[in-house]
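One structure is given below, encoded as structure tokens.
The values are calculated or read from the model by the stated rules, or taken from the named source; none is laboratory data. Because the structure is a prediction, the values reported are computed rather than measured. Cβ sites come from the backbone with ideal geometry, for glycine too, and all protein chains shown count toward neighbours. SASA here: full protein model, heavy atoms, side chains in, ligands and nucleic acids out. Shrake-Rupley method; radii C 1.70, N 1.55, O 1.52, S 1.80 Å.
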Amino acid sequence: MQMLGYVLAFVVVVGIIITVHEFGHYWVAKVLGVKVLRFSVGLGKPLLAKRAGETEYVLASIPLGGYVKMLDEREGEVSAHEAHRAFNLQPVWKRFAIVSAGPLFNFIFAVFAYWVTFVVGVEGAKPTVGEVAPQSIAWQSEIRADDTFVAVEDMPVRTWQQTSIQLLDKALESGQVAVTLQDGDSGSKTTTLDLSDTKHLLSEGNLLEKLGITPWRYVYGPVFGEITAGVARTAGIQEGDRVISVDGVQVQSWSELVRYIQARAGDPVDMLVQRDRQRLQFELIPEPYKQGGKTVGRVGAYPFVDLAQLEQHKVVVRYNPFEAVPRSLVKTRDVTVLTLKLLWQLVKGEASLKNISGPVTIAEYAGVSAAIGISAFVGALALISISIGILNLLPIPMLDGGHLFYYLIEIVKGSAVSERVEAFGQRLGIMMLVGLMCLAFYNDIYRLLQ
């Protein structure tokens, strides 16, 4: 069921991004007087097709791309009275504008999507440190448990997501990153993280783990919350009872209590609890039930959750519609610049090729963000739209960037690139794209197997 949700989220996300991208080509072509024959979302066999005026609108079976087919002498005969509307006969500036419009609309859409998230509100976790691994990068910079990140290179941060992005961005600029933290005693301190080892920083895995930081997580204490119909209720346990010991063994957390109970299905357990100022003794016999092919014990209770403590570590970043406009522009710029920096590190061999993701990872990302809420889902749309925009601007034949590269050559030399060069570039582009897709699929499958 979860996988079906991921697939549906993937189809929705890719469908929106492709439609935005292809609409950019379509709209600018129409504005500049070029005849559009077909607007297709998806590749392969058409599932739905409808003609409106001179354009056929198609929804195709393979949701991994799309295209806008324009009148073109290279693809069929063009009558004399429509020659002025053929794409290949347009001045180079018009062709450049039409081709660049697809990626440009991806960036425009990202601005709009981030604007929506800022108006709705982006929920995140306060960047408070839970644990710091001894001798790690963070430890050597004197970052300790309960410290909260306040700023990275004087850039205010309010969530772990903001903190991670800023740390990575500034690390790629200088390697030495100054951070300001609020410590557990309400004091402020500034320290510098040595993030000069780019190869380690951009290897596969979580950035914070590489720094030796484990974010603060809520720890369930050995306190009973909701009591369901079962052993605990029958024995007289009440919500709020704190377990001191079981069979004389002290208990520090809910997970310890659960492990102890599960290992004693059908066996009597003596439990000492604190209720207000009283200490009470209970005998429970955990009810046997099947879990994962084996029999474990349960008493029918949930842990107590301190909602006030959780609220203290939750942050909602929200702006009014007017404030959100410049914020969304800056956010789109920052994510674009960071993506380009990471791409350059990939080309230099400083970043791991395992960071390249394919449709499976995108599907999982889309599904998880959709489950979190509308703001997270729209934020995922923005990030993927920026990635697609950048990918299409790479000077690879077959992509928009390859065509734009040809047009730049034409502007410089005064004549179009020869058909022979274009044909060679097309074959090269296909090989490069197939190789990239194979690598992305390999990484996806490898992650699934892991």
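Put +1 on the Cβ of each Lys and Arg and -1 on the Cβ of each Asp and Glu in the chain; which of TYR26, PHE109, GLN345 then has its Cα farthest toward the positive end of the dipole?
TYR26
For the charge dipole of the chain, defined by +1 on Lys and Arg C-beta atoms and -1 on Asp and Glu C-beta atoms about the Cα centroid, which residue among GLY130, TYR289, THR148 has the Cα displaced farthest towards the positive pole?
Checked the options; the winner is TYR289.
Looking at the chain, identify the longest residue range that excludes and avoids all trypsin sites (Lys or Arg not before Pro) in DSSP loops having at most 13 other Cβ atoms within 10 Å.
278-450
For region 292-354, report the accessible area per residue in Å² (1.4 Å probe, heavy atoms, rounded to an integer). Don't jump to the answer; show the numbers that get you there.
Values: 4000 Å² over 63 residues.
I get 63 Å² per residue for region 292-354.
Holding the Cα-Cα limit at 20 Å, pick out from LYS189/LYS314; LYS189/LYS341; LYS170/LYS348 the pairs that are longer than that. Provide the component values of the computation, followed by the final result.
Working: LYS189/LYS314 22 Å; LYS189/LYS341 29 Å; LYS170/LYS348 18 Å.
Result: LYS189/LYS314; LYS189/LYS341 exceed 20 Å.
Counting helices only, and only those DSSP H runs with n ≥ 4, report the 222 nm mean residue ellipticity of the chain as the sum of -39,500 (n - 2.57) divided by its residues, in deg cm²/dmol to the nearest 500.
Numbers: 14 runs with 213 residues, N = 450.
Rounded to the nearest 500, the figure is -15500 deg cm²/dmol.
Any idea what the dipole of region 79-143 comes to, in debye rounded to 20, about its Cα centre with Lys/Arg Cβ at +1 and Asp/Glu Cβ at -1?
Values: 4 positive and 4 negative charges, 103 e Å.
In total the dipole reaches around 500 debye.
Roughly how many nanometres apart are two label points built 7 Å out from the Cα toward the Cβ at ARG217 and VAL31?
That separation, rounded to one decimal, is 5.0 nm.
If one takes the longest principal axis of the Cα atoms in the chain, at what angle in degrees, from 0 to 90 and to the nearest 10, does the Cα axis of helix 2-31 lie?
30 degrees
Cα axis of helix 160-173 to longest principal axis of the chain: angle in degrees, 0 to 90, nearest 10?
The helix 160-173 is inclined about 50 degrees to the chain.
Could you sort SER141, SER79 by accessible area so the largest value comes first, with the probe set to 1.4 Å?
Numbers: SER141 15, SER79 45 Å².
Of SER141, SER79, the descending order of accessible area is SER79, SER141.
Could you tell me the calculated FRET efficiency between LEU394 and ARG327, based on Cβ-Cβ distance and R0 = 30 angstrom, to the nearest 0.05? Could the numbers behind the result be given before it?
Working: r = 28 Å, r/R0 = 0.94.
Efficiency, from the Cβ-Cβ distance: 0.60.
Rounded to the nearest 0.05, what FRET efficiency do GLN252 and GLN140 have when you use their Cβ-Cβ distance and R0 = 22 Å? Please report the intermediate quantities before stating the final value.
Details: r = 30 Å, r/R0 = 1.34.
Taking R0 as 22 Å, the efficiency between GLN252 and GLN140 is 0.15.
Relative to the longest principal Cα axis of the chain, at what angle does helix 92-120 sit, 0 to 90 degrees, rounded to 10?
In the chain, helix 92-120 runs at an angle near 20 degrees to the longest axis.
Taking the Cα centre of the chain as the origin, how large is its charge dipole in debye, to the nearest 20, when only Lys and Arg (+1) and Asp and Glu (-1) carry charge on their Cβ atoms? Intermediate results must be reported in sequence, preceding the final value.
Numbers: 41 positive and 44 negative charges, 214 e Å.
I would put it at about 1040 debye.
Could you work out how much longer the chain between VAL7 and LYS45 gets when fully extended? Use 0.36 nm per residue separation minus the Cα distance between them, nm to one decimal.
Numbers: separation 38, 0.36 × 38 = 13.68 nm, distance 1.95 nm.
Taking VAL7 through LYS45 to full extension adds about 11.7 nm, to one decimal.
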